[in-house]
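Just so it is clear, none of the values below were taken in a lab; they were calculated from the coordinates. Keep in mind the model is a prediction, meaning the values are calculated, not measured. Heads up, the Cβs are rebuilt from the backbone with ideal geometry, glycines too, and the neighbour counts pull from every protein chain shown.
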Amino acid sequence: MSWITIKRIFRAGFLDFWRNAFVSFASILVMTVTLFVVGLTIFAGVMLNFTITELRNKVDVSVYFLTTTPEDRILTLKQALEARPEVVSVGYLSRDEALAKFRERYKDDQLALQALEELGQNPLEASLQIRAKDITQYEAIAQFAQNQDTENGTATSIDKISFYDAKYRVALDRLVSITDSAQRLGLIVIAILILTTIAISFNTLRLAIYSSRDEIQVMRLVGAGAFFIRAPFMVEGVLYGLVSGVITLLLFYPLTWWLGSATASFFGGVNVFTYYLSHFLLFFGVIVGTGVILGAVASFLAVRRYLKI
Amino acid sequence: MIYYDRVSKIYADNSVALEDVSFSVEPGEFISIVGHSGAGKTTLVKMLLAEERPSSGSVFFESINIHELPLHRMGEMRRKIGTVFQDFRLLPQKTAYENIAFAMEAGGRSEQDIRSDVPHVLELVDLGDKMNNFPDELSGGEQQRVAIARAIVNQPDVIVADEPTGNLDPVNTFEVVQILKKINDLGTTIILTTHNKGVIDSLKKRVITMDRGKVIRDDREGKYIL
């Protein structure tokens, strides 16, 4: 293909875009809605994921040691646990620290403090708080901790592991199932939304080209090749995508700014505005990319049926 | 040059548009095809442009069977045939100049050629001062002259004019016919369909008369007889 043909195709595409102002305007409007929905679903996905991760991160498993256990034994187990790949962190709470924490928490509760005094010694156990990469890995970790501690079939220093507590298990299972189904549902809703709006955009472009079907026929009869007829329409479609993409990106700026602090306090940490700014390239790529590809593909397919003469 | 070989066209509902039509056109001829509406004139022309396919028989253009040509080579063939339609069929979003330039661009002609040839053909049809007007800013006669300019700009071997004067008043009809005659005098073959008696009688050229899909007369120097 020669340089002059490319130049002609682009010139024709730009001219049609400009001269068919109303059709262009309508197409851009519909496409902007589509891309806006695409952008919203990205935000929704991020929010959902963040919330779910937050929730799952709140889970940990605690191992409590008998008061007689020497500290170095606990630290050895801590090291062994930290060496495992699925473990993110292991926190150690010594007996003294546990006591301090207890005093702090019940500082207004005279009864509790009196009971403590009466015991005369520290009744609290030292513990390890283990956090795993994924919520499903706690069973293996609990098992591992228990195995490490077992000599000749009897536990030597571990008093109890919270994972084996029935209440803990129920809460954990419920959390897993809720977050899993939330994620699945979110994905389905997002897919349906995106597919619907893309179909609407697609149809709008088809209608726009339908209005040019007589012209396409004339071009054909005047002796123009299929590519030479089709390419300007694709240029036009790409222009719709570009313009709609930029409009959408511009719309998100004030919108996320406005919602920024609200989302930050509601979802515990994600500020959509700062997220938008820090991931601008991602948004640019996805939104403008979707628009451009949608415009090109829809035009390509819509012109095809009128070229068959 | 053009040869219709026993061409028939029967539509799906069994209506017959053409029945066993055979005739040939020599280079440089000016041939008129006449007949009532529905006689098959337009179908005949559409066959030549491969806008319609025959149910049986074949149409040859310079010894090529048009309907055996693959779609991607159709443009090349069509650029050798200039077409003028009753309803002008200009591209509404393009100016007179651009409409004609488009036909040249489609053939891959250079910018230089376009810049020199387009004003030239527009002068030829007496529209040099309206080259930047859009079709809806031109009268019917002017639009048809733009269409003729578009048809001749690639210097085709043949021009097919399907009822070119059907939507025009007598003055414009006369002008269009004069232009076609002038083009014919320069050596281009013309195929004209019409049901305008005055046009045919003034031309004194070959006339093919059609009725209900059949050729009923073929006169060297014919008149409109129906």
What residues qualify as long-range amide H neighbours of A:Gly225, i.e. H under 5 Å apart, gap of 5 or more or another chain, H built at 1.01 Å from N?
-> none
For A:Lys133, go through the lysines and keep the ones whose alpha-carbon is under 23 Å away, minus same-chain ones fewer than eight residues off.
-> A:Lys58, A:Lys78, A:Lys160, A:Lys167
What does the charge count near B:Asn184 come to, summing +1 for each Lys or Arg and -1 for each Asp or Glu among other residues with Cβ under 9 Å from its Cβ?
-> +1
Neighbouring partner chain Cβ atoms per residue of B:65-74, average, 10 Å criterion | 2
Area projected by the alpha carbon convex hull of the protein assembly as shown, averaged over all directions, nm² = 39.5
So what are the ³J(HN,Hα) numbers for the stretch A:254-265, from phi and the Karplus equation (6.51, -1.76, 1.60; θ = phi - 60°), rounded to whole Hz, Gly and Pro as x?
-> x, 5, 5, 4, 5, 8, x, 5, 4, 5, 4, 7
Convex hull per residue volume in Å³, alpha carbons only, for the stretch B:151-226 | 104
Separation between Cα centres of the stretch B:5-78 and the stretch A:137-210, rounded to whole Å | 69
Mean separation of Cα contacts under 8 Å (6+ apart) over length of the stretch A:38-140, as relative contact order % = 43
Among B:Lys182/B:Lys223; B:Lys9/B:Lys181; B:Lys9/B:Lys182; B:Lys80/B:Lys223; B:Lys94/B:Lys205, which pairs are too far apart, with a Cα-Cα distance over 26 Å?
-> B:Lys9/B:Lys181; B:Lys9/B:Lys182; B:Lys80/B:Lys223; B:Lys94/B:Lys205
With Cα springs under 10 Å, the Gaussian network model of chain B assigns the largest mean-square fluctuation among B:Ala12, B:Ala147, B:Ala50 to B:Ala12
For chain B, modelled as a Gaussian network with Cα springs under 10 Å, which listed residue fluctuates most, B:Leu69, B:Leu168, B:Leu127?
-> B:Leu69
Can you tell me the 0 to 90 degree angle between the C-alpha axis of helix A:95-105 and the longest principal axis of chain A, rounded to 10?
-> 70
Going by how many other Cβ atoms sit within 10 Å of their own, how do A:His279, B:His72, B:His195 line up, fewest first?
-> B:His72, A:His279, B:His195
Per 10 Å bin, what percent of the C-alpha pairs of chain A does each bin hold, from zero upward?
-> 5, 18, 18, 15, 13, 11, 9, 7, 4, 1, 0
Can you run phi through the Karplus equation (6.51, -1.76, 1.60; θ = phi - 60°) for the stretch B:16-26 and list ³J(HN,Hα) in whole Hz, with x for Gly and Pro?
-> 9, 8, 9, 9, 6, 8, 9, 6, 10, 10, 8
In the protein assembly as shown the DSSP beta bridges are antiparallel at a rate, in percent to nearest 5, of 65
Based solely on its DSSP helices, what 222 nm [θ] is calculated for the protein assembly as shown when runs of n ≥ 4 H residues each add -39,500 (n - 2.57) and the sum is averaged over all residues, nearest 500 deg cm²/dmol?
-> -18000 deg cm²/dmol
List the extent of the Cα atoms of the stretch A:67-156 along each of their three principal axes, largest first, rounded to whole Å.
-> 44, 31, 19
Non-local amide H neighbours of A:Ser157 (under 5 Å, H modeled in plane, Pro and chain starts lacking H): which ones?
-> none
Compute the normalised compactness of chain B: alpha-carbon radius of gyration over 2.2 N^0.38 Å, N being the residue count.
-> 1.00
Amide H neighbours of B:Phe23 under 5 Å, counting only residues 5+ apart in sequence or on other chains, H built in-plane at 1.01 Å?
-> B:Tyr4, B:Arg6
What's the longest piece of chain B with no exposed GluC sites (Glu not before Pro), counting a site as exposed if DSSP puts it in a loop and it has at most 14 other beta carbons within 10 Å?
-> B:63-220
Would you give the gap between the C-alpha center of the stretch A:283-303 and the C-alpha center of the stretch B:175-199, rounded to a whole Å?
-> 48
Mind giving me the FRET efficiency for B:Ile225 and B:Ser56? R0 is 30 Å, r the Cβ-Cβ distance, nearest 0.05 is fine.
-> 0.55
